[in-house]
1. What residue, of A211, A194, A206, is over 25 Å from the mean Cα position of the chain (by Cα) and of a type in the set (G, A, S)?
2. Is the range 246-253 home to any residue that is under 20 Å from the mean Cα position of the chain (by Cα), under 30 Å from I167 (Cα atoms) and open to solvent by 10 Å² or more (accessible area, probe 1.4 Å)?
3. Restricting attention to the range 171-184, which residues are closer than 19 Å to G145 by Cβ, open to solvent by less than 20 Å² (accessible area, probe 1.4 Å), touching a residue at least 40 places away in the same chain (Cβ under 8 Å) and not in a strand (DSSP E or B)?
4. Filter the range 74-92 for residues that are in a loop (DSSP other than H, G, I, E, B) and out of contact with any helix residue (DSSP H, G or I) (no Cβ under 6 Å at 6 or more places or on another chain); which is farthest from E391 (Cα to Cα)?
5. With the structure loaded, tell me whether L419 is open to solvent by less than 10 Å² (accessible area, probe 1.4 Å), more than 20 Å from the chain's Cα centre (by Cα) and under 20 Å from L335 (Cα atoms) or whether it fails that test.
6. Given the criterion over 30 Å from S215 (Cα atoms), of a type in the set (K, R) and surrounded by 19 or more Cβ atoms within 10 Å (Cβ to Cβ), identify the matching residue among R401, R373, R405, R438.
7. Which of the residues that make up the range 383-393 are touching a Phe, Trp or Tyr at 6+ places or on another chain (Cβ under 6 Å) and either open to solvent by less than 20 Å² (accessible area, probe 1.4 Å) or aliphatic (A, V, I, L, M) (or both)?
8. Collect the residues in the range 99-151 that are among the aromatic types (F, W, Y), open to solvent by less than 20 Å² (accessible area, probe 1.4 Å) and within 21 Å of the chain's Cα centre (by Cα), keeping them in residue-number order.
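The values are calculated or read from the model by the stated rules, or taken from the named source; none is laboratory data. All of these numbers come straight from a predicted model, not from anything done at the bench. So basically every Cβ, Gly included, is an ideal-geometry build from the backbone, and we count neighbours across all protein chains shown. Side chains included, ligands, DNA and RNA excluded: accessible areas come from the protein's heavy atoms. Shrake-Rupley method; radii C 1.70, N 1.55, O 1.52, S 1.80 Å.
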Amino acid sequence: MIEAKTKTFLLLLITLLAPLTGARAQSAPRPDARQPQAGTNVPAAPTPTPLHVESHTAADEVLTQLSARPIFFHQGVVVEKLSGETVTEQAADQAFNPASAVKLATALAALRTFGPKHRFATAIWINGAFDKATATVTGDLIISGRDPSFHYEHAVAIARELNQLGIRTVTGDLVVAPRFSMNFGPSSLRSGEALYDTLDATRRPAAAIRAWADSRMALGDTKGLQETPSVAVMGAVYVGSVPRGARVISTHYSPALTDVLKVLLCYSNNFMADRLGDWLGGPEGMKRFLVREVGLPTNEIRLASASGLGVNRFTPRHMLKIYRALLAELKKNDLKATDIMPVAGVDPGTLDKRYSNSTARGSVIAKTGTLGRTDGGVSALVGQMRSKSGEVLLFVIFNQRGNVRAFRAAQDTLVSDLLFARGGPLPFTYTPQTLAIRLSASEFDSSAGLEEYEVTSP
């Protein structure tokens, strides 16, 4: 049965990849494919290498047959047991573009640097007087922070917190500090404008209303569903530093880092990853971390971004070493891969439709990587699979210079064949939690209060 399925897939794969053979294979790189700059010490693009497969059961002969067929694209594979024993490898020491699989390195660096319970702070300031009788601040409202997960529901939560402190109107301006972001937007000014509208119930966009309702339902906050938090800022929106004399009246704390990473990795959010990378010293800081903490050779890796955008270079063996380090970091904190990574066919995001049939659902935990144009088309899959034999296999599959859809089909076939060669897939133990809960689980510290600002109304 397995052999017939594999032959059928190979016929489909050859049809999909036929345009990549012949004259096109000899053509110059596409103009829109970014190439390493001259003088950089980056390994050349890999050439196809036969797939080496451990043959310890008759079922594994399927993989040997698969490796004997012509390969029409660049592929790097390494599959290992938890013990470190190699099951399958191909071009494991050649450099590829891992695309968004780089986010696994970002997650590792963030966990080790900040700790899994870290929360990003957004400080809420005012300058001027507060009239409790009229619920008015005569002055400005200032927001500072660099929380990469700050979203609509958090803005409404700030309005609610200000209402609970007694504030409903601000006569001055809304000032957001540089690097403040909302809804994963890179512009601080536009983020400030979105915050301005979301704070005020009369201006609040429908998307913000839905996000607030979803977050309250996810958290079981029935009281919050019945409330309409609102703070009207009468002035304009500016980006600027916190003015002298302003005082913090409350601090909003993001969800825990593990929850931020779960959302980031499930949806492969580039903005969140790059903002985390900024906290970690940018690509150069992350590269130093990988060299120092993981032991990767500095002259064999290239890191252009914390999100995986651009021209990055890692070998499959490098990436598996990163993944093992990530699993070790999670275990050290009594966490599992399912706590931060997408479970295929269960969690929403990039893997919700893959391995989603009744037998394979939940048996693969992995991070995808996709670049449609860079390096002629890139697809990656990095993670772990569980079979009925009791084995957990760790794997890295890198593909580039070809059709992304065909790459994904080939990756899924390889993973499925490995699982069925070991008795079939077995789901990981995992109780899913909606991502709305994870993103909404923020906190406030309003212990500073407003007493020192209070004035008596005439």
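1. Going through A211, A194, A206 in turn, just one is over 25 Å from the mean Cα position of the chain (by Cα) and of a type in the set (G, A, S): A206.
2. Within the range 246-253, one or more residues are under 20 Å from the mean Cα position of the chain (by Cα), under 30 Å from I167 (Cα atoms) and open to solvent by 10 Å² or more (accessible area, probe 1.4 Å).
3. Hits for the range 171-184 are A177, F180, S181.
4. Step by step, filter the range 74-92, then rank; the result is A91.
5. No: the conditions fail for L419.
6. R401
7. Within the range 383-393, no residue meets the criteria.
8. Listed by number, the residues that qualify are F120, F150.
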